[in-house]
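Quick notes on the structure that follows.
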Amino acid sequence: MSSLSLLLLLLPFFLLHSSIAATPPSVQTLSTKPTIFNPKLPPRTLSSSKKFEGSSDLVQLRYHMGPVLSSAPINIYLIWYGRWALPQKLLIKDFLHSISTTDLRAAPSPSVAEWWRTVSLYTDQTGANVSRSVVVAGEHADLKYSHGKQLTRLSVQQVIANAVRSAPFPVDHKNGIYLILTSEDVAMQDFCRAVCGFHYFTFPSMVGYTLPYAWIGNSGKQCPEVCAYPFALPGYMGGGGPGALSPPNKDVGVDGMISVIGHELAELSSNPLVNAWYAGEDPTAPTEIGDLCEGLYGTGGGGGYIGQVMRDREGRTFNVNGRKGRKFLVQWLWSPELKACAGPNAMD
């Protein structure tokens, strides 16, 4: 998490958690398995330990006695804010459904479900693990931009309140996650400048209930070089490295969103009320299981390298398989077993 994000989180009026820093790495790499294409690997010194990059005995990730989303299934309530094309909706929902797709014929290894296994290693004080079952339990389309095209961290809670009243969504205290996805013409407070997504829980004074939620924006037109990296590159990187990677589903904005969605869902499930799994002593600015591995997508990653990932015959870059032949590029997560960043596409 960037220092800018931390400063923003300390504003007393907005005690909200921002978990995606918007500063992109400065270098990238490509690699594949099984069709190997690897124009620029990181120096061996970055991965000579034979462990997952990011491993450290100095990371003090601790459990703070709060709940995790252990009851099955985890119900995701989608709020489509603004105008979304049907193929974009289907792509995001296929990713969400892939989390629970364990059939290797439907989603071969390395799969989204195997990636989620790292999240499921986290437990509450009773020993119950984060659920491996995730479903889309409801959807609501806010086509009329009920709170305009410029949202704040507080007004997004009013968007949830509207959806709960009008969808109608149930008030799912135990199993629910409310996921607000804003279209590419919607601006959010601090979007692009400091965050690509954030999660927290609703205030009863705003929504009437305490509900875990996350917001992620489509950066396709606003800042793809920041929030859809490495599918788009900032101007200062022109001519450096192998160039922007080809998105696995040919949609720079939505393919970039999916890694952010995965990051937020992993943290919401392991720290829904910001009192469960995180590092640091300040619950208003926790470092969570996605923050610890930001920018890492494969073995050898670190120091600005995304790590060794895969490339299909059409040149599209990915590191996990989903259902219906979908492919995705999602960041690695901190494993409580390995005490390191981990992903199913690891090559060591």
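Key figures
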item: Any hit, segment 289-297, residues being over 15 Å from the mean Cα position of the chain (by Cα), open to solvent by 20 Å² or more (accessible area, probe 1.4 Å) and not polar (S, T, N, Q); result: no
item: Any chance residue 131 is of a type in the set (Gly, Ala, Ser), farther than 18 Å from residue 264 by Cβ and in contact with a Pro (Cβ under 9 Å, 6 or more places away or on another chain); result: no
item: Qualifying positions in segment 320-330 - open to solvent by less than 10 Å² (accessible area, probe 1.4 Å) and out of contact with any Pro (no Cβ under 7 Å at 6 or more places or on another chain); result: 322, 330
item: Of residues in segment 253-276 being of a type outside the set (Gly, Ala, Ser) and surrounded by fewer than 24 Cβ atoms within 10 Å (Cβ to Cβ), the one modelled with the highest pLDDT; result: 261
item: Where a residue in segment 121-150 is open to solvent by less than 30 Å² (accessible area, probe 1.4 Å) and its partner, wherever it lies, is in a strand (DSSP E or B), with Cβ under 6 Å and at least six apart; result: 122/277; 131/74; 134/74; 138/77; 142/81
item: Hey, residue 282 among the acidic types (Asp, Glu), under 22 Å from residue 136 (Cα atoms) and out of contact with any His (no Cβ under 7 Å at 6 or more places or on another chain) or not; result: no
item: Selected residue [of a type in the set (Gly, Ala, Ser) and out of contact with any strand residue (DSSP E or B) (no Cβ under 8 Å at 6 or more places or on another chain)] from 98, 155, 111; result: 155
item: Pair list, Cβ < 8 Å and 6+ apart or interchain, from segment 323-348 residues that are closer than 25 Å to residue 135 by Cβ and touching a residue at least 40 places away in the same chain (Cβ under 8 Å) to residues that are in a strand (DSSP E or B) and among the charged types (D, E, K, R); result: 327/316
item: Residue in segment 153-163 that is outside any loop (DSSP other than H, G, I, E, B) and free of Cβ contacts under 8 Å to residues at least 12 places away in the same chain present; result: yes
item: Residue tally, condition within 21 Å of residue 283 (Cβ to Cβ) and in a strand (DSSP E or B), over segment 177-202; result: 8
item: Subset of segment 203-225 (residues that are assigned to a strand (DSSP E or B) and in contact with a Gly (Cβ under 8 Å, 6 or more places away or on another chain)); result: 212, 214, 215, 216, 217
item: Search result, residues across segment 85-109 that are farther than 19 Å from residue 130 by Cβ and surrounded by 19 or more Cβ atoms within 10 Å (Cβ to Cβ); result: 88, 91, 92, 94, 107
item: Residues of segment 311-342 satisfying the condition of being at pLDDT below 95 and among the aliphatic types (A, V, I, L, M); result: 338, 340
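For every residue, the table says whether it meets (1) surrounded by 24 or more Cβ atoms within 10 Å (Cβ to Cβ); (2) among the β-branched types (Val, Ile, Thr); (3) farther than 27 Å from residue 182 by Cα.
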site	(1), (2), (3)
251	no, no, no
306	yes, yes, no
309	yes, yes, yes
336	no, no, yes
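The values are calculated or read from the model by the stated rules, or taken from the named source; none is laboratory data. Note that this is a predicted model, so its numbers are computed, not measured. Positions of Cβ are backbone-derived with ideal geometry, glycine not excepted, and every protein chain shown enters the neighbour counts. All accessible areas refer to the heavy atoms of the entire protein, side chains included, with ligands and DNA or RNA removed. Shrake-Rupley method; radii C 1.70, N 1.55, O 1.52, S 1.80 Å.
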